[in-house]
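Chemist: Dropping the structure in here first, questions after.
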Amino acid sequence: MNQSAVLLEYVTRAYPGGVRAVDGVNLKIALGEWVALMGPSGSGKTTLLNLLDGLDRPTDGCVHVMGQNLLQLDVDEAATFRRENVGLIFQQFHLVSYLTAVENVMLAQYYHSMVDKQEALLALERVQLADRAHHLPSQLSGGEQQRVCIARALINDPKIILADEPTGNLDEDNADRVVKIFQRLHREGRTLVIATHDPDLGRLAQRIVCLRHGQIVEECSPDGSDAAPRATGAGASHDRDVMHVTAS
Amino acid sequence: MFFRMLIESFVRRRSRKLLAVAAVWIGLSLVIGLLALGLDVGDKLNREMRSFGANIQLQPAEAAVDVRVGGYELVAPGRTVYLDEADLPRLKQIFWRNNILAFAPRLTTQARLAGRSVPLVGTWFNHHVLLEDADPFVTGAAEVFPYWQARGAWPMNPESCLVGAALAQELDLGPGDRVELTTDQRSTSVRIVGVLTSGKDEDEAIVAPLSVVQRLAGLPGKVAEVQISALTTPENKLAERYGRDPQSLTPAEYERWVCTPYPGSVAADIQNAVPGSSARVVRRVAETQGAVLGRIDGLMLLLGIFVLIASTLSIMGVLSSAVLERRGEVALLQAVGAHRADVLRLFLTEAVAIGLAGGVLAALTGQVLGGWLLRVIFDSASEPHGVLLILAPLLGLLIAVAASVPPVWRTVHQQAARLLRGV
């Protein structure tokens, strides 16, 4: 049996006051698969991504990413896991304001292994930003900042890329550029989990997982051929909840 | 990359960093200024309080033993003992020589003037004490007794003298008059150059250069006592214990007593230096000085603590908010793989740099501030204090680190996911 990139079993993330941002989710994502997490605001997409990258911990259930049970890791071990395995792309870019584009990319290299400026410049070239490498974030457009964020996410050759609304703050041209980058990454065989409101971006994924009130309400293929309304909630059986979609 | 991040953080966020450095600088300048003033104020006040007169009196050892048996002195009349004037330069060769501010010998006899007997007091005026390996030390009655007022001039040669104000009025004498002083041994003619007001016995006497009185008294090179003005530290319990029973001190306590310029320890040092002498602390003066200095020291300490607390709180406020506004950056560093120790190291190194920069500036401006206060209050210049040049950066470093650790610690222990969402 092929190793899965992500395996969630009955995962719940509850906050004080009883709010369940993620509620009994079971999900399996295969290596190399491109999955889009879709749903209205507050449906739990970002929380689910944070559980996958180890920045947050579930209050119940198990989270396995690249074969690692994240619940077994403390904060620093989770940081080590992230730098070895995960590329993070944020809607708000989160670039360090006093570092240039190339320095922001080198930052991820620094915490991963060792800094290589030429490699960082190549990463920027791959996102068509070689000419903006020495600009500060404040001197870059939103689309350019997002591409720096992507270059930073890719610099350590991560096995899985988690992106939260990567085109949410971009105009159409810049969104197209980012989408093309994702398509290339997918062709290279990387696992992509992208939370998005953008139906155009969602349609490019191999599988769309729809969330509502923290639960998976539907999983389908973008062309609708494999549409499979689901039983949801913590009581749903694992076998029924987890859909296996092999990357093409 | 670590140093690149540090440097870029300072270069590209310089306004915020300058604000933080300025907070440390200004806050610590007040503290260092007060400390500089505190270090000088005791010395300056001590010098100011020389107006009280001598605080140590040196006499011949036998004369100092005031023992009477059946109403008779043990030292027989006619066997009066004296100190040698030639031994007095030793006062500037003792361990506490730098604390000896001034001294003046005194020899008193009776002389006949205008058919009546008047006290004749001999002392030094503007006397140059010759020292080995040092410039001559200029001292005399005017330095030891700042409250002596001479209308006219001070005697500058063996043919001049002062006349006490009461005697001058009684005999109708004044500057310019020449008088004939006669003793059993000799007589001499001296010119009055000033009228002395001391508020004490000298108002009834002729006060002449020591050599004149020695010659008239037939006691060349002899002095009856020496009045000494010395910089001393207020006596504390240790000094009081020594005063009550020197044997009660442990060797370590005795060492501390000897190495502290208490009036008693300075007096003991003087006594050991001058053969056949006995040094006595003039309690009235020493205790008044001690009481005033003790209160000033307490006041300065209290002020220093208040200013240090106020400055520390204000510095902590600025530095803490500087860290808190970078919580998103902390979370991002953790998101890209930084461990909590990595983040702490980065922020604490920044804090160390800010603290040291502010501290070094404060070491300089604080001393300038302290010097200015000293000039305004005491009309006196201050010397730079080396200890403050080290203390200020050290304090700056400690305060900056103490201010940065709690917010960074709290931030790295918060959930990075929430911080990235700006919650």
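Chemist: Determine, from the Cβ-Cβ distance of B:GLU325 and A:VAL217 and an R0 of 35 Å, the FRET efficiency 1/(1 + (r/R0)^6), rounded to the nearest 0.05.
Modeler: Working: r = 39 Å, r/R0 = 1.13.
In this case the efficiency is close to 0.35.
Chemist: Could you derive backbone 3J(HN,Hα) for the stretch B:402-418 from the dihedral phi with the Karplus parameters 6.51, -1.76 and 1.60 (θ = phi - 60°), listing whole Hz in sequence and x where the residue is Gly or Pro?
Modeler: Working through the residues one at a time gives 4, 6, 8, 4, x, x, 5, 4, 4, 5, 5, 9, 7, 6, 4, 4, 5 Hz.
Chemist: Right, something else. Give the total of Lys-Lys pairs in the protein assembly as shown with Cα-Cα distances below 30 Å; include a pair only if its members are 8 or more places apart or on different chains.
Modeler: The result is 16.
Chemist: Across peptide B:325-336, how many C-beta atoms of other chains are within 10 Å of each residue C-beta, on average? Spell out each step's value before the answer.
Modeler: Details: counts 0, 2, 0, 4, 5, 0, 2, 10, 5, 8, 13, 19.
Taking all residues of B:325-336 together, the mean is 6.
Chemist: Next question, about the same structure. Give, in nm to one decimal, the length gained when the segment between B:PHE95 and B:VAL81 is fully stretched (0.36 nm per residue of separation minus the Cα-Cα distance). List each step's numbers first, then the result.
Modeler: On the way: separation 14, 0.36 × 14 = 5.04 nm, distance 2.66 nm.
Full-extension gain reported as 2.4 nm.
Chemist: Now for a different question. What are the ³J(HN,Hα) values, in whole Hz, obtained from phi via the Karplus relation 6.51 cos²θ - 1.76 cosθ + 1.60 with θ = phi - 60°, for each residue of the stretch B:195-209 in sequence order, with x given for Gly and Pro?
Modeler: After applying 6.51 cos²θ - 1.76 cosθ + 1.60, I find 10, 9, 10, 10, x, 10, 4, 4, 5, 9, 10, 9, 10, 10, x Hz.
Chemist: Give me the inter-chain shielding for A:95-105: mean count of other chain Cβ atoms within 10 Å, whole number please. Spell out each step's value before the answer.
Modeler: Working: counts 2, 10, 7, 11, 6, 2, 0, 0, 4, 2, 0.
Shielding by partners across A:95-105 averages 4.
Chemist: Describe numerically, in nm with one decimal, the distance between label points set 7 Å from Cα along Cα→Cβ at B:GLU240 and at A:LEU71.
Modeler: Going by the 7 Å Cα→Cβ label model, 7.1 nm.
Chemist: Compute the FRET efficiency between B:GLN110 and B:GLU383 as 1/(1 + (r/R0)^6), taking r as their Cβ-Cβ distance and R0 = 45 Å, and round to the nearest 0.05.
Modeler: Numbers: r = 48 Å, r/R0 = 1.06.
For R0 = 45 Å, the calculated efficiency reads 0.40.
Chemist: Would you pull out the residues with amide H under 5 Å of A:VAL11's amide H, same chain only if 5 or more places away, H placed 1.01 Å from N?
Modeler: A:GLY24, A:VAL25, A:ASN26, A:CYS62
Chemist: Now a separate question. Please give the per residue volume of the convex hull enclosing the alpha carbon atoms of the stretch A:4-241, rounded to a whole number of Å³.
Modeler: Looking at the stretch A:4-241, the number lands at 123 Å³ per residue.
Chemist: Quick one: Cα centre-to-centre distance for the stretch B:114-190 and the stretch A:73-144, in angstrom?
Modeler: When both Cα centres are located, 90 Å separates them.
Chemist: Which shape class, rounded, prolate or oblate, goes with the stretch B:348-422 when its Cα gyration tensor gives a ≥ b ≥ c as root eigenvalues, a/c under 1.5 marks rounded, and past that a/b bigger than b/c marks prolate?
Modeler: Working: a/c = 4.97, a/b = 3.52, b/c = 1.41.
Note, shape of the stretch B:348-422 comes out prolate.
Chemist: Can I ask one more? In square angstrom and rounded to 100, what buried accessible area do you get between chains B and A, total over both, with the probe at 1.4 Å?
Modeler: Details: alone 21900 and 11570 Å², together 30810 Å².
Buried area between the two chains comes out at roughly 2700 Å².
Chemist: Per 10 Å bin, what percent of the C-alpha pairs of chain B does each bin hold, from zero upward?
Modeler: Going out from 0 Å in 10 Å bins, chain B shows 4, 16, 19, 17, 12, 10, 8, 6, 4, 2, 0 percent.
Chemist: At a 10 angstrom cut-off on C-beta neighbours, averaged per residue, how do the peptides B:293-300, B:270-277 rank from highest to lowest?
Modeler: Working: B:293-300: 14.5, B:270-277: 18.5.
Sorting B:293-300, B:270-277 by mean packing, highest first, produces B:270-277, B:293-300.
Chemist: Over the Cα atoms of the protein assembly as shown, how large are the radius of gyration and the largest Cα-Cα distance (Dmax), in Å?
Modeler: For the protein assembly as shown, the Cα-based Rg and Dmax read 44.2, 143 Å.
Chemist: Excluding ligands and nucleic acids, what accessible area in Å² is computed for B:TRP25 using a 1.4 Å probe, to the nearest 10?
Modeler: 90
Chemist: OK, next. Averaged over A:43-49, how many beta carbons belonging to a partner chain fall within 10 Å of each residue's beta carbon?
Modeler: Details: counts 0, 0, 0, 3, 2, 0, 1.
If you average over the peptide's residues, the count of other-chain Cβ atoms is 1.
Chemist: Would you pull out the residues with amide H under 5 Å of B:SER380's amide H, same chain only if 5 or more places away, H placed 1.01 Å from N?
Modeler: Those lying under 5 Å, H to H, from B:SER380 are B:ARG375.
Chemist: For B:ILE56, which sequence-distant residues (separation of 5 or more, or a different chain) have an amide H within less than 5 Å of its own amide H, given hydrogens modelled in the peptide plane?
Modeler: B:ILE228, B:ALA230, B:VAL282
Chemist: Sticking with this one: Can you give me the C-alpha center-to-center distance between the stretch B:376-398 and the stretch B:298-353, rounded to a whole angstrom?
Modeler: 24
Chemist: If Lys and Arg each add +1 and Asp and Glu each add -1, what is the summed charge of the other residues whose beta carbon sits under 14 Å from the beta carbon of B:ARG326? Numbers along the way, then the final one.
Modeler: Numbers: positive: B:ARG12, B:ARG13, B:ARG16, B:LYS17, B:ARG327, B:ARG410; negative: B:GLU8, B:GLU325, B:GLU329, B:GLU350.
Summing Lys/Arg as +1 and Asp/Glu as -1 gives +2.
Chemist: Please give the length that would be gained between B:MET156 and B:ARG14 if that part of the chain were fully extended, namely 0.36 nm times their separation in residues minus their C-alpha to C-alpha distance (nm, one decimal).
Modeler: Working: separation 142, 0.36 × 142 = 51.12 nm, distance 6.59 nm.
Value of the extension gain: 44.5 nm.
Chemist: A:SER97 versus B:SER189, label points 7 Å from Cα toward the beta carbon: distance in nm?
Modeler: Rounded to a tenth, the inter-label distance reads 9.5 nm.
Chemist: Computed from the mean reciprocal separation of all distinct C-alpha pairs, what Kirkwood hydrodynamic radius does the stretch B:55-281 have, in Å?
Modeler: Numbers: mean 1/r = 0.0527 Å⁻¹.
Averaging 1/r across every pair of different Cα atoms and inverting gives 19.0 Å.
Chemist: Follow-up question, since we're still on this one. Of the residues B:ALA322, B:ALA341, B:ALA279, which exhibits the maximal mean-square fluctuation in a Gaussian network model of chain B defined by a 10 Å Cα contact cut-off?
Modeler: Looking only at B:ALA322, B:ALA341, B:ALA279, the biggest GNM fluctuation is shown by B:ALA341.
Chemist: How much length is gained if the chain between B:HIS128 and B:ARG178 is pulled fully straight, taking 0.36 nm per residue apart and subtracting their Cα-Cα distance, in nm to one decimal? Mind dumping the intermediate values first?
Modeler: On the way: separation 50, 0.36 × 50 = 18.00 nm, distance 2.62 nm.
Extending this stretch completely gives an extra 15.4 nm.
Chemist: Read phi for every residue in the stretch A:113-122 and hand back ³J(HN,Hα) as whole Hz from Karplus 6.51 cos²θ - 1.76 cosθ + 1.60, θ = phi - 60°, with x for Gly and Pro.
Modeler: Ordered by residue, 3J(HN,Hα) equals 8, 9, 7, 9, 5, 4, 5, 5, 5, 4 Hz.
Chemist: Can you give the FRET efficiency to the nearest 0.05 for B:THR260 and B:VAL376, using r as the Cβ-Cβ distance and R₀ = 22 Å?
Modeler: Details: r = 30 Å, r/R0 = 1.37.
In this case the efficiency is close to 0.15.
Chemist: Hey, another quick one. Pairing the Cα long axis of helix A:172-187 with the longest principal axis of chain A, what angle in degrees results, from 0 to 90 and rounded to the nearest 10?
Modeler: Tilt of helix A:172-187: around 70 degrees.
The values are calculated or read from the model by the stated rules, or taken from the named source; none is laboratory data. Treat the numbers as computed from the prediction; the structure is a model and nothing was measured. Every residue, glycine as well, gets a Cβ built from its backbone with ideal geometry; the counts of neighbours run over all protein chains shown. For accessibility, only protein heavy atoms count, side chains too; no ligands or nucleic acids. Shrake-Rupley method; radii C 1.70, N 1.55, O 1.52, S 1.80 Å.
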